[in-house]
Structures are given as structure tokens and as C-alpha cells.
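Encoded as C-alpha cells, the structure appears first; notes follow it.
The values are calculated or read from the model by the stated rules, or taken from the named source; none is laboratory data. Remember, it's a predicted structure, so these values are computed and weren't measured experimentally. Here the Cβ positions follow ideal geometry from the backbone for every residue, glycine too, while neighbour counts run over all protein chains shown.
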Amino acid sequence: MNQLLKEIEQKYLQPDRNFSVGDHVRVHLEIAEGGKKRIQIFEGDVIKREGAGTNATVTIRKMSEGIGVEKIVPIHLPGLKKVEIMRNASVRRAKLYYLRGAVGQDAKLKEASESAATSSRTAKAAKLAKASTN
């Protein structure tokens with residue numbers, strides 16, 4: 001990519017958006033309705049992450065009254081006010097589409113061990129810090 005485009009894109013990247021597929025997250029989105037703005041909270045499992053830079057998106061899935069609801073959220077959206085990671089899951093796939101057909105216990109993700117999650121998070125944070133200094 002052109003160096004000028006990289007520099008411009010760098011201004012819009014949010015540094016604290018390091019969550020992965022399988023995490024159970026709570027996102028706070030700013031919604032404009034009429035002349036008012038409000039915060040809408042959407043909580044669910046991250047089943048897909050794709051794209052890079054400012055084009056990166058995640059798909060979050062939750063069950064609402066027995067019906068599966070999915071929301072595609074751009075990670076670096078200015079209206080995305082906060083992302084809370086509720087718990088980490090140990091998954092072996094990059095895309096968790098199999099959760100769409102799963103019901104009950106089958107739709108539950110196995111929780112990751114605390115030490116593995118912590119070490120991977122610190123490694124990701126160190127990698128991001130190194131990339132931002134370059």
C-alpha cells in the first residue's frame with residue numbers, strides 16, 4: 001500500500017481492539033435516532049474476524065429469545081465506544097459458522113485456560129506496540 005495511505009489510515013486505527021474469534025464480548029455502539037444519540041449494547045460470541053486496517057470487521061452472534069442474531073461491526077468504527085471482553089474461549093477454527101446450526105450445549109464454547117489467554121494477550125499487545133513504533 002502507498003506510504004501516504006498508510007499514514008492517513010494509522011490516524012483512524014483504535015489501539016485497544018485486540019480480541020479474537022471465540023471471545024464473548026460486549027460492544028457499546030452509539031446509535032443516532034432522529035436528533036438523539038444513545039448507546040446500544042450488543043453481547044455475544046465473535047464468530048468471524050476479517051479484513052485489515054480500517055476495513056477490519058467482526059461478526060458477533062447472540063441468541064435472543066431462541067433466535068440467533070448476528071451483527072457485523074467494523075472494529076475501528078468511531079461509533080464503537082467500548083469493547084468489553086467477558087471471557088475467552090479455546091477454539092481451533094478461524095470461522096465459527098458451525099455455531100449457527102448448534103443448539104443447547106452444542107453451541108457452548110470451551111473456556112480457555114487463564115494462563116494461555118493472558119500470555120497470548122500480552123504477546124499481542126507487545127506486537128501491536130512494536131508495530132506502532134515502526
Hey, among Val58, Val21, Val69, which residue is in contact with a Lys or Arg (Cβ under 6 Å, 6 or more places away or on another chain) and farther than 28 Å from Leu128 by Cα?
-> Val69
In region 36-64, residues that are at pLDDT below 90 and aliphatic (A, V, I, L, M) total 3
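Taking only region 65-85 into account, find how many residues are closer than 16 Å to Tyr97 by Cα and either modelled with pLDDT under 90 or polar (S, T, N, Q) (or both). It would help to see each step written out before you state the result.
First, the residues of region 65-85 that are closer than 16 Å to Tyr97 by Cα: 67-72.
The next check asks that each one be either modelled with pLDDT under 90 or polar (S, T, N, Q) (or both); those that pass are 67-68.
Of the residues in region 65-85, 2 are closer than 16 Å to Tyr97 by Cα and either modelled with pLDDT under 90 or polar (S, T, N, Q) (or both).
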Any residue in region 50-66 that is over 13 Å from the mean Cα position of the chain (by Cα), at positive phi and surrounded by 14 or more Cβ atoms within 10 Å (Cβ to Cβ)?
-> yes
Among the listed residues Lys62, Lys11, which satisfies the condition of being over 30 Å from Ala102 (Cβ atoms), outside any loop (DSSP other than H, G, I, E, B) and free of Cβ contacts under 8 Å to residues at least 40 places away in the same chain?
-> Lys11
Of the listed residues (Glu84, Glu30, Glu7, Glu43), the one being over 22 Å from Ala129 (Cβ atoms) and either out of contact with any Gly (no Cβ under 6 Å at 6 or more places or on another chain) or surrounded by fewer than 12 Cβ atoms within 10 Å (Cβ to Cβ) (or both) is Glu43
Only one residue in Val69, Val27, Val91, Val21 is closer than 26 Å to Ala123 by Cα, out of contact with any His (no Cβ under 7 Å at 6 or more places or on another chain) and either of a type in the set (Gly, Ala, Ser) or in a strand (DSSP E or B) (or both). Which one?
-> Val27
Give region 54-77 a look and list any residue that's of a type outside the set (A, V, I, L, M, F, W, C) and over 12 Å from Arg17 (Cβ atoms), or say none.
-> Asn55, Thr59, Arg61, Lys62, Ser64, Glu65, Gly66, Gly68, Glu70, Lys71
Test for Met1: is it farther than 23 Å from Ala125 by Cα, part of a loop (DSSP other than H, G, I, E, B) and either at pLDDT below 90 or within 13 Å of the chain's Cα centre (by Cα) (or both) | yes
